[in-house]
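The values are calculated or read from the model by the stated rules, or taken from the named source; none is laboratory data. All figures in this text were calculated on a predicted structure; none of them were measured in a lab. Here the Cβ is made from the backbone with ideal geometry for all residues, glycine too, and neighbour counts use every protein chain on show. The accessibility values were calculated without ligands, DNA or RNA, using every heavy atom of the protein model including side chains. Shrake-Rupley method; radii C 1.70, N 1.55, O 1.52, S 1.80 Å.
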Amino acid sequence: SPKTAMQFLSDWSSHVKGWTRTRDFPVLTLRYEDMLADPEKAFTRLIRHIDAPMDARVLAEAIEKTSFRSLSALEAEGGFSERGPNQDRFFRAGTAGQWRDKVPEDVVERVLSDHGAVMRKLKYEV
């Protein structure tokens, strides 16, 4: 097995705040929901953020290769290293917001209680 570095894992809100509040480098926050809704706009924001040259053909290819459909097919063919030992698939649904229907109501309430403030700041419906 490959060697990995030790890393500190914290809760979701702490993780998000840690990255979005840094002043060490410019941060661009991209939500999965926004990438699903308008991948061209999201990727264009990313390209401009890193000051890379814009190439419409390369952009279209990047969007296609990173689509849920493409990544899910790749996982089906050869697996995916980020899939946890208790997960059937890493690329499970490819939709936004369906987590509320997949977890028990008491867990939804706990997520909203623990992370609602950060979720609202990122414009998630809570």
Exercise. Just how much of residue 111 is accessible, in Å², when a 1.4 Å probe is used and the result is rounded to the nearest 10?
Worked result: 40 Å²
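Which of rounded, prolate, oblate describes the range 8-56, given a ≥ b ≥ c as roots of the alpha-carbon gyration tensor eigenvalues and a/c under 1.5 marking rounded, otherwise prolate only if a/b is larger than b/c?
Details: a/c = 3.59, a/b = 1.61, b/c = 2.23.
Oblate, since a/c reaches 1.5 and b/c is not below a/b.
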Exercise. Per-residue accessible area for residue 69 at 1.4 Å probe radius, Å² rounded to 10?
Worked result: 150 Å²
Problem set entry | Cα-projected label distance for residue 114 with residue 57, points at 7 Å along beta-carbon direction, nm | 4.8 nm
Problem set entry | Too-long pairs where the Cα-Cα distance tops 24 Å, listed order kept, from 41/121; 17/102; 41/65 | 17/102
Seminar exercise, completed: Interchain or sequence-distant (5+) residues whose placed amide H lies within less than 5 Å of the amide H of residue 31 are none
